[in-house]
Amino acid sequence: MINFNVYAFLPAIDFLFIRLQGQDNSRDKLLSIRNNLSKLNEAQVLSELLTLDFMFYDYSNEQSEVWDIQLESFSSFYNRSEKVKKFDNYYPEAHVQSVFKWMLMLCDDCSDTLKSHRSVIH
């Protein structure tokens, strides 16, 4: 049974799962979060989301474009790139806040597109 206080995170978790296709460490952790929602409180879920693997790296391609999860899925970025490099990156606070706010917006925005993709992880 899902803890009612963290139920609002399901749309964000499901959407992130789709956006992170090709990011196995982050997707595995998302599955773990989702499977353990009944045991977690809001602070724990937020902490887990903000420590997903993708938050600690930049991924850039041969055109020096840097992947942004807010703009496209990793698989889309990867597929349109000839070569993707992974770099350690400690994002500035402004970037982390931007991604955090975006994740919170996902909690409220369970669009029809997301509902149709929800079966991906069920």
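Across segment 59-74, in residue order, what do the Karplus-derived ³J(HN,Hα) couplings come to in whole Hz, using 6.51 cos²θ - 1.76 cosθ + 1.60 with θ = phi - 60° and x for Gly and Pro?
Once rounded to whole Hz, the list reads 10, 10, 10, 5, 9, 6, 7, 10, 5, 10, 4, 6, 9, 7, 6, 5.
Rolling a 1.4 Å sphere over the protein heavy atoms, what is the accessible area per residue of segment 18-98, to the nearest Å²?
Roughly 60 Å² per residue, with all protein chains present.
Less than 12 Å Cβ to Cβ from residue 58, Lys/Arg counted +1 and Asp/Glu -1: what total charge do the surrounding residues give?
Charge balance near residue 58 sits at -1.
Quick one: check the C-alpha center-to-center distance for segment 6-20 versus segment 30-84, whole angstrom.
11
Long-range amide H contacts for residue 57: which residues qualify at under 5 Å (H placed 1.01 Å from N, peptide plane, sequence gap of 5 or more or a different chain)?
Result for residue 57 returns 89.
Count charges around residue 85 for me, please; just the other residues with Cβ under 10 Å from its Cβ, Lys/Arg as +1, Asp/Glu as -1.
It works out to a net charge of 0.
For segment 1-84, what class follows from the C-alpha gyration tensor (a ≥ b ≥ c being the square roots of its eigenvalues): rounded when a/c is under 1.5, otherwise prolate if a/b is larger than b/c, else oblate?
prolate
Farthest toward the dipole's positive end in segment 49-94, which of 81, 64, 50, given Cβ charges of +1 (Lys, Arg) and -1 (Asp, Glu) about the Cα centre?
81
Find, among the trypsin sites (Lys or Arg not before Pro) in segment 17-86, those assigned to loop by DSSP (not H, G, I, E, B) with at most 14 other beta-carbon atoms within 10 angstrom.
Passing both the DSSP loop test and the Cβ count: 80, 83.
The values are calculated or read from the model by the stated rules, or taken from the named source; none is laboratory data. Because the structure is a prediction, the values reported are computed rather than measured. Glycine also receives a Cβ, built like all others from the backbone with ideal geometry; neighbour counts cover every protein chain displayed. In case anyone asks, the SASA skips ligands and DNA or RNA and just uses the protein heavy atoms, side chains included. Shrake-Rupley method; radii C 1.70, N 1.55, O 1.52, S 1.80 Å.
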